[in-house]
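A short reminder: the numbers here are calculations on the coordinates, not readings from a lab. From a predicted model like this one, the values you see are computed outputs, not experimental measurements. As a convention, Cβ positions derive from the backbone with ideal geometry for all residues, glycine included, and neighbour counts pool all protein chains shown.
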Amino acid sequence: MTVYADILFLVNLYIDALLLSAVRRFLRLPLSRWRWLLASALGGAFGLFALLPRLRGLALLLLCVGQAAALVTAAFYPQRPGVLLRGTVLLFLFGAALSGLLTLFSRFVPMRGMLLLNGTVYFDLSPLWLVLCTCLSYGVLWAFHRLFRQRGNPVFCRTVTLVHGGKTVSLTAKVDTGLSLTEPFSGEAVWIVEKRALSALLPAGFGTAESPIPFRPVPYSSIGGTGILPAFRPEALTLDGAPVSAWVAVLDRPLSAGGFQMLIGADALQQNQNGVNCP
């Protein structure tokens with residue numbers, strides 16, 4: 001089979017764009033369009049490794065892991081090393097799962113013009129067909145989203161302002177109907193905020209044994225596991241300008257890809273439609 005470098009580049013650009021989007025959504029990381037395109041183009045360039053002699057075993061594993069690390073770094077740097085490591089593992093696993101599914105599918109359904117070589121995928125398509133298939137795929141996804149998107153109660157974002165130590169921070173908060181955390185002693189509601197969103201409000205050592213600000217440990221349980229979050233009581237807390245009372249727990253990872261920085265309980269909605277739709 002004749003392998004064309006331009007088709008090889010484009011196919012792997014599209015595939016890596018989808019895989020990076022999956023990593024972004026899974027880890028709830030911010031990703032600008034230009035960084036996404038840059039990293040995807042790098043993935044397309046990595047697709048040219050298929051033109052090298054066939055690699056096997058440890059050499060192929062190291063190549064795939066190295067490519068995943070480079071793509072995640074290009075897309076999400078300067079995230080913390082731990083976040084980049086998780087992203088690398090996820091991208092590698094997603095890519096391996098895709099390769100496995102294509103290999104399994106090809107054993108039962110004859111697929112002419114497909115190659116899996118050196119961790120890359122190649123489909124023998126003309127550039128015109130590749131563009132047409134891409135447009136068709138996006139059209140189908142758009143129509144599916146329009147037809148089957150959730151039609152229940154809308155999810156709202158609110159504006160929460162925190163004051164502590166003479167400093168003020170305003171955040172975008174999403175109303176989460178599943179959030180029911182309470183402070184163990186007082187029974188008051190606990191809202192969750194990203195640690196990075198409070199960098200101007202809290203000292204770096206907050207939540208540790210040397211924390212200069214008192215905090216309460218709040219146990220939580222979710223689909224991702226269980227743990228304990230450090231929570232504090234702000235000197236002042238307002239929801240859309242109205243004073244409220246709640247504890248604020250600090251989470252050491254992003255809550256979204258940039259759409260909001262805080263989760264508040266459904267009781268904050270108060271049957272009010274003043275919020276704006278969350279992304």
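Report the normalised scattering of region 156-277 as log10 I(q)/I(0) at q = 0.16 Å⁻¹, calculated by the Debye formula with identical scatterers on the alpha carbons. Per q value, in the given order, log10 I(q)/I(0) is -0.73.
Gain on full extension, evaluated as 0.36 nm per residue between Arg35 and Val163 minus their Cα-Cα distance, stands at 42.7 nm.
Projected label points at Ile228 and Ala242, each 7 Å from Cα along the beta carbon direction, are separated by 3.5 nanometres. In a fully extended conformation the segment linking Arg56 and Glu188 would gain 41.8 nm over its present Cα-Cα distance, using 0.36 nm per residue. The peptide list 212-221, 73-82, put in order of mean Cβ contacts within 10 Å with the highest first, becomes 73-82, 212-221. Database remark: amide H of Leu181 closer than 5 angstrom to the amide H of Val190 (H placed geometrically; neighbours at sequence offset of 5 or more, or on other chains; Pro and chain starts carry no H).
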